[in-house]
1. With each pseudo-label sitting 7 Å past Cα toward Cβ, what's the TRP38-ILE154 distance in nm, one decimal?
2. List the GluC sites (Glu not before Pro) within segment 21-130 that DSSP assigns to loop and that have no more than 13 neighbouring Cβ atoms inside 10 Å.
3. In nm, to one decimal, how far is the modelled label at GLU130 from the one at GLU95, with both set 7 Å along Cα→Cβ?
4. In percent, what relative contact order does the chain have, based on Cα pairs under 8 Å that are 6 or more apart in sequence?
5. How much accessible area per residue does segment 29-137 have, in Å², with a 1.4 Å probe?
6. For segment 60-164, which whole-number percentage of the solvent-accessible area (1.4 Å probe, protein heavy atoms only) is attributable to carbon and sulfur atoms?
7. Taking amide H positions as placed in the peptide plane 1.01 Å from N, state which residues far from ASN89 in sequence (5 or more) or on other chains have amide H under 5 Å from it.
8. Output wanted: per-residue J couplings in Hz (rounded whole) for segment 128-144, from phi through Karplus 6.51 cos²θ - 1.76 cosθ + 1.60, θ = phi - 60°, x for Gly and Pro.
Amino acid sequence: VAPTGDLFVSDAANARVFHLDAAGRYIDVFAESVEAPWARLLSPAGVACSPDGTEIYVCDPGAGRVVVFDPLGVPIRLIGEGDLKEPVNAAVSSERQIFVADRKDRSVFVFSSNGALVDRIKGAPPEIPEWSGPTDVAVRDSTLWVADPAAGQIVVLRLNSPSQ
């Protein structure tokens, strides 16, 4: 959900993302990009929006990356190519850090606002030395929630400020 209330919904079976208004009415669809073949979606999964709504982050587990679009569906850049294995969901902090749950790598990757890899969280030691397969993340203020259904848990982590 964007700050405007607009909705972005992935359709993995048809390799596209729907853009709906706050009432659920169809606006547009992000589909195969002829202008930017590098940004073609194979099997879009989780979708997240930047705090200001200017960037839409689409996890593409089939391609092992996150594709960043503007709200009109124009691809901007790729994140995590070469690092991510099976990104399934993302969350964006108010500082524009991007948190990506990677089920196959059993990690949560942290990227800066420009897409540079900042950190890789493998678990929550000492109680949880390694994730079983995180599938969802949420972030607010300095708190990160990680859903790890294979282990039957949701873990809450306190984060350091990106400036620390």
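1. 3.8
2. GLU32, GLU35, GLU127, GLU130
3. Using points 7 Å along Cα→Cβ, the separation is 2.9 nm.
4. 12
5. For segment 29-137, the solvent-accessible area averages 42 Å² per residue.
6. Carbon and sulfur: 48 percent of the exposed surface of segment 60-164.
7. Answer set, sorted by chain and number: GLY46, ALA101.
8. 10, x, 8, 6, 8, x, x, 10, 8, 9, 9, 9, 8, 6, 10, 10, 10
The values are calculated or read from the model by the stated rules, or taken from the named source; none is laboratory data. Since the model is a prediction, treat every value here as computed from it, not as a measurement. So basically every Cβ, Gly included, is an ideal-geometry build from the backbone, and we count neighbours across all protein chains shown. Remember, those area values only see protein heavy atoms, side chains included, never the ligands or the DNA or RNA. Shrake-Rupley method; radii C 1.70, N 1.55, O 1.52, S 1.80 Å.
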